[in-house]
Amino acid sequence: MSSNKQILSLLCNKHRLLYNCNHPMVTTHCNYKKHSTKVTANPKVDWNQAVTEAEKVVGHPTSFLNPRWLLNDEIANVAVHLQKLVGSNHPLITTAKSLFNNENSNMQTWGLIVLLLSKAASQTDQFNAEEDARAGVLHRQKELAEITEMIRIGHLVHRGLVNFCKKNHRLEPAELNDMTFGNKIALLSGDYLLGTSCMKLACIKNHSLLELMSCALKDLSESAFIGRRDSQENPLPAIPPEDRTNYAVNEWTHQNYLGSGSFLAKSCKGTLILAGHDEFMQEQAHEFGKHLALAWQANLDLVPFIAQDRNTPFNLNCAPVMYHIEYDPSILMEIDKGIETVENVNFGNVFDIVIRGPGVELTKELQQKHSQKAIDILTSTFKESEARTALTNIITSIGF
């Protein structure tokens, strides 16, 4: 255990996390006490403040970086091996850094969303005996929140596998070793997270939830294979039909619903199934999770273009690019240079073209539309509470 604590301390220092009770990522290392400070709606709340206040509402931090996970022997061993990849170009390092850099990221807050929605919906009378008095949620709902975090992270880790056999240039021996070793760690650690989450899901012993989350996993897997791809399986925009009406919205929504919206939506629905809520409430929870995930993705798609930095990498399937293709498909002449590998695309040129078109403003409208729909569901379906307010603050904090 002492060696594991040293690993945790090293990780926290390496990424400049505050290893004490004041940081939302690591508060369970200490005796976390629920604050009595009332959470109020604030249209100007920033992301970190919104997440910190939300964790106070549920009584404990829900981040994957909770030391309960970091001090686990398997996770600690992965952390040791990750140190060997520092300085390499393996995508697993980027994923690991994203776990520690939580600003405006949805990588570590999906479990928190599930718990907040659980508390906002409250419990039905027949389930009160199972309620966690401190958090105001069922023990099984807390388990589902942890499962949601584990599946999400496991999926992202698996996406970091590098198909280096298809790279269009010869790898140096040192780089080949890094890629091979990184792939092994990504495969094994992702398998561990997904395998453990499936086992915990089965232990909940709820057939409806198991079927629901199985469908969510199917959607996650399908998202990695739909649409055009380069040799590294990086996504490329679909060729628009002759009638391009609603091309951008339809393509983007389909891709991102499978890639993230379905999983968060079904997790939100699942937590209400566990509490015995009726089908109407379950469907409202599903719609809330879907719109929140899509609003989040639209916001992430905007980041490189709002930053006005043409050197910031971006996904060619992001909403601003998709909207520009609908507006002027001639941009595909540059994008299609990446059919073999997206490394052949001049992203600076694509950026300059998109920034001069309507894509950025239309993406802002898309993000605002999904954010507003999520808020409307909250206010019309769930009673006023600190949990509902915390969810509203999180939604308003992700917009530009």
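No value in this document is a laboratory result; all are computed from the given coordinates. Just so we're clear, the structure is a prediction, and the values are computed from it rather than from any experiment. With ideal geometry, Cβ positions are generated from the backbone for all residues, glycine too; neighbour counts draw on all protein chains shown.
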Label points 7 Å out from Cα along the Cβ direction at residue 184 and residue 242: separation in nm? 5.5 nm
Between residue 303 and residue 143, the FRET efficiency computed from the C-beta separation at R0 = 25 Å comes out, to the nearest 0.05, as 0.15
Using alpha carbon centers only, segment 221-283 is separated from segment 331-400 by a whole-angstrom value of 14 Å
Whole-Hz ³J(HN,Hα) from phi, Karplus 6.51 cos²θ - 1.76 cosθ + 1.60, for segment 236-241, glycine and proline x: 10, x, 5, 5, x, x
Please report 380, 223 as a ranked list, fewest other C-beta atoms within 10 angstrom at the top and most at the bottom. 380, 223
Arrange the following residues from fewest to most other Cβ atoms within 10 Å of their Cβ: 45, 157. 45, 157
May I ask you to compute the full-extension gain from residue 369 to residue 206, defined as 0.36 nm times their residue separation minus their alpha-carbon distance, rounded to one decimal in nm? 55.3 nm
Extended-chain gain in nm, criterion 0.36 nm per residue less alpha-carbon gap, residue 249 and residue 176: 22.3 nm
Order of 251, 55 from fewest to most other C-beta atoms within 10 Å? 251, 55
Virtual spin-label span in nm between residue 231 and residue 278, 7 Å along Cα→Cβ: 5.8 nm
